[in-house]
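So the structure is just underneath, and the comments pick up after that.
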Amino acid sequence: ARRIEQMLASRPRLGVDDFSGFQADTLSLPELELAKQLIAAAQRTGVRNRADLRPYLDAVAAWNGRFDRTATGAPIVRETALTAAGMLAAYATGAASKTYDAAARPTIAANTQMVLLMRVLRERPRGWWPNDDYDGLLLRALNDAIKRDGARLLETWGAYDPIAIRHPFAPLGFSFLNGRTLPGDGDSYSVHVQNARDTQSFRAVWVPGDWDRGGIVIPSGESGEPGSGHYTDQTPLWLTKRLAPLPFSDAAVRAAAVQTLRLLPAQGGDRVAAHPFAPCRKVPAVAVLQNRARGDARACAVELQREVWARGERNFIHE
C-alpha cells in the first residue's frame with residue numbers, strides 16, 4: 001500500500017500509461033530496507049570486505065530494490081530474508097515455528113515471514129535472538145543462504161526465479177499444452193506480484209466515460225485451445241509490460257474486428273458438421289495416456305479436457 005501511495009503522489013496527473021506502469025512496478029520497499037540493514041550489519045561487524053562474502057555484499061549494496069529481470073542482488077536479499085525469518089521463528093517459538101515455515105516461501109498471501117522479520121529488525125526486542133544480536137542473525141542467514149545456493153545467488157532475478165505456465169495435464173505427459181516460462185520479474189512484496197508459484201492473473205486499466213481507451217493483458221492467451229493463434233499471443237505484451245486494446249463501444253469493436261462468427265439456428269435439411277474431436281469421445285482416458293505419443297493423442301487430450309471441465313471434474317484419470 002505504501003508503494004502504491006508513493007506512485008499515486010509521484011505526478012499531478014495520471015493517465016492510462018501511468019496506471020499500467022504502476023501495476024508492473026517491481027520495487028519491494030521492505031526488501032530494500034532489509035538490504036540496507038544487511039550492508040550496515042556487515043560494516044558494523046567488520047566483515048564487509050571479507051573475501052568469501054564480498055561478491056554477495058557488493059551485489060546487495062548495488063541493488064536498487066527492484067525485482068527486475070536483469071537485477072542482480074535480488075536473489076541474495078530474497079534468500080537471506082527467507083532464511084533469517086525461519087531461524088528467527090524457530091528460536092522464538094520452537095515447534096510452533098511450523099506456522100511460519102509455510103509462510104517462508106513466497107506466495108501471494110504469505111507475508112507473515114516479512115512482517116515478523118522486519119518488525120524485529122526495526123524494534124530489536126530483547127530475547128528474540130541470542131544476545132539480541134540481530135546483526136549476527138542477518139549475517140548468519142546470509143552465510144547459510146550462500147552455503148545452500150552458492151553462486152546461483154549471483155544470477156539475475158529473471159534467471160533465478162522464473163515461473164512456468166503449466167497446464168493441469170502437464171504432469172501426465174502433455175507438456176505441449178504448457179504456455180511459456182516467464183522470467184523472474186516481480187516479487188511477493190512488489191505491486192507486480194510474481195514468484196515461482198504465482199503471478200498476477202491480469203493487468204488492466206479502464207477509463208470511465210471513455211472505455212475504448214482502456215486495455216488489458218494476461219500472461220498467456222485468451223484461447224484455451226492448443227494450436228489457436230490466441231493460445232499464448234499475449235505473452236509478449238505481458239513481458240514488455242504493455243496492454244492489449246480492449247474495444248468497448250460498438251464502433252470500436254467493428255473497427256477492430258478481424259473475424260466475425262455468426263451463430264444461426266439450423267434450417268431444415270441443413271447438415272450439421274461433426275465435431276472434429278468426436279471420435280475421441282469413445283476413447284477411454286487410459287488409452288489416451290498409453291498412446292499419447294501417437295499423432296491423434298493431442299486432439300483426444302484436448303477433447304477429454306473439455307469433457308472433464310464440462311462435468312466439473314478435476315482429474316480425468318478417474319473416469
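The values are calculated or read from the model by the stated rules, or taken from the named source; none is laboratory data. The structure displayed is predicted, hence computed values, not measured ones. Because the Cβ atoms are built from the backbone with ideal geometry, glycine has one as well, and the counts that use them run over all protein chains shown. Surface areas here come from the heavy atoms of the whole protein model, side chains and all, with no ligands, DNA or RNA. Shrake-Rupley method; radii C 1.70, N 1.55, O 1.52, S 1.80 Å.
Just one of the listed residues (Q200, Q194) is modelled with pLDDT under 95, open to solvent by less than 10 Å² (accessible area, probe 1.4 Å) and not charged (D, E, K, R), and it is Q194. Within region 256-267, residues that are without any contact (Cβ under 8 Å) to a residue 40 or more places away in the chain have Cβ atoms under 9 Å from residues that are part of a loop (DSSP other than H, G, I, E, B) and surrounded by 10 or more Cβ atoms within 10 Å (Cβ to Cβ) in these pairs: A256/P247; A257/P247, counting only partners at least 6 apart in sequence or on another chain.
Go through the residues of region 134-145 one by one and say whether even a single one is modelled with pLDDT of 90 or more, in a helix (DSSP H, G or I) and farther than 26 Å from A51 by Cβ. No: region 134-145 contains no residue that is modelled with pLDDT of 90 or more, in a helix (DSSP H, G or I) and farther than 26 Å from A51 by Cβ. For region 89-125, a residue qualifies if it is modelled with pLDDT under 70, outside any helix (DSSP H, G or I) and either exposed (fewer than 13 other Cβ atoms within 10 Å of the Cβ) or not hydroxyl-bearing (S, T, Y) (or both), and the qualifying residues are A104, R105, P106, I108, A109, A110, N111.
Answer yes or no: is there a residue in region 52-61 that is under 23 Å from Y189 (Cα atoms), assigned to a helix (DSSP H, G or I) and acidic (D, E). So far as region 52-61 goes, yes, one or more of its residues are under 23 Å from Y189 (Cα atoms), assigned to a helix (DSSP H, G or I) and acidic (D, E). Residues that are more than 28 Å from R122 (Cβ to Cβ) and in contact with a strand residue (DSSP E or B) (Cβ under 9 Å, 6 or more places away or on another chain) do not occur anywhere in region 144-155. The set of residues from region 39-49 being part of a loop (DSSP other than H, G, I, E, B) and surrounded by 13 or more Cβ atoms within 10 Å (Cβ to Cβ) comprises T45, V47, R48. Pairs only if they're at least six apart or on different chains, beta carbon under 9 angstrom, first in region 124-143 and closer than 13 Å to L88 by Cβ and of a type in the set (A, V, I, L, M), second open to solvent by 70 Å² or more (accessible area, probe 1.4 Å) and part of a helix (DSSP H, G or I); list them, first residue then second. Correct list of pairs: L137/Y91. Residues that are surrounded by 12 or more Cβ atoms within 10 Å (Cβ to Cβ) and charged (D, E, K, R) were ranked within region 1-38; the one that is farthest from L116 (Cα to Cα) is D17.
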